[in-house]
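Some notes on the structure that comes next.
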Amino acid sequence: MIRLLRQLELLFSSSSTTSKKPRPSVKRTKALRAKTSRFAQETPTGHDLVRRTHRGKSDEFLLTVWQNLRQEFFPDHSHIDDYTVTWSSRPQKRVLASCNIRRRRIVVAQELFEPSATRWIAPVLYHEMCHAVIGEGVHLSQSGKRLWHGRQFRQLESLHPDISAMNAWIATGGWAMAVRSHRARRAWRTRNRSC
């Protein structure tokens, strides 16, 4: 998750005029977009599977995806089924999802419910599931800090085939676009309710 956040920070900082960091080359950007779109075409979006509730989002959908991932990748870790998986109640800008190991709770950003972003719900949930599997038994750095995204985590995360495509989607501005789309939809709904 930290790696994803760093990629987002790099993306936002490269768009500012005061930034001194070089922008990625056009060739690299096109290659990442092509890779992302290829993966998006091969897999159906989760948006087709979502049954909208009166609030617009279904927690049952997230729980179903969570359980399917657990059965496919971690059949021996039934304790993961105890986790609560919900949409966030607040808008997010940088965090796609979070895992609270002690409370056994996964919170997914509501911006991932955008039609352009639902395809990445499963890889995001898998990322958080890796945190749940490893738990607090992660390795410590020399300074005594927990390495939440250390070698042990990266090896486990690499088992999912869509992780690299999701990282490419984030690096090419897909997450930032989903956040903007979500804000625009929310503003439009607010304006129409007040009229």
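The values are calculated or read from the model by the stated rules, or taken from the named source; none is laboratory data. These numbers were taken from a predicted model, which means no experiment stands behind them. We place every Cβ from the backbone using ideal geometry, glycine too, and count neighbours over all the protein chains shown.
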- [ ] Could you check how many residues of the stretch 90-106 are touching a residue at least 40 places away in the same chain (Cβ under 8 Å), assigned to a loop (DSSP other than H, G, I, E, B) and within 22 Å of F73 (Cβ to Cβ)?
- [x] 1
TODO: Those residues that are free of Cβ contacts under 8 Å to residues at least 12 places away in the same chain and in a loop (DSSP other than H, G, I, E, B), I need them from the stretch 70-88; list them, please.
DONE: P75, D76
Open item on the list: Given the criterion touching a Pro at 6+ places or on another chain (Cβ under 8 Å), at pLDDT 90 or above and either at positive phi or of a type in the set (A, V, I, L, M, F, W, C) (or both), identify the matching residue among M177, M166.
Closed with: M166
Open item on the list: Kindly evaluate A109 against the criterion of being in contact with a Leu (Cβ under 7 Å, 6 or more places away or on another chain) and in contact (Cβ under 8 Å) with a residue 40 or more places away in the chain.
Closed with: no
- [ ] With the condition kept exactly as written, say whether any residue in the stretch 130-144 is closer than 20 Å to F61 by Cβ and either more than 13 Å from the chain's Cα centre (by Cα) or at pLDDT below 95 (or both).
- [x] yes
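Every residue, every condition in (1) modelled with pLDDT under 85; (2) within 18 Å of the chain's Cα centre (by Cα), yes or no:
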{"position": "I2", "(1), (2)": "yes, yes"}
{"position": "R6", "(1), (2)": "yes, yes"}
{"position": "S14", "(1), (2)": "yes, no"}
{"position": "R51", "(1), (2)": "yes, no"}
{"position": "R70", "(1), (2)": "no, yes"}
{"position": "P75", "(1), (2)": "no, no"}
{"position": "Q92", "(1), (2)": "no, yes"}
{"position": "N100", "(1), (2)": "no, yes"}
{"position": "Q110", "(1), (2)": "no, yes"}
Task: Lone qualifier among S164, S181 - being under 15 Å from the mean Cα position of the chain (by Cα) and either of a type in the set (G, A, S) or over 24 Å from H77 (Cα atoms) (or both) - done: S164
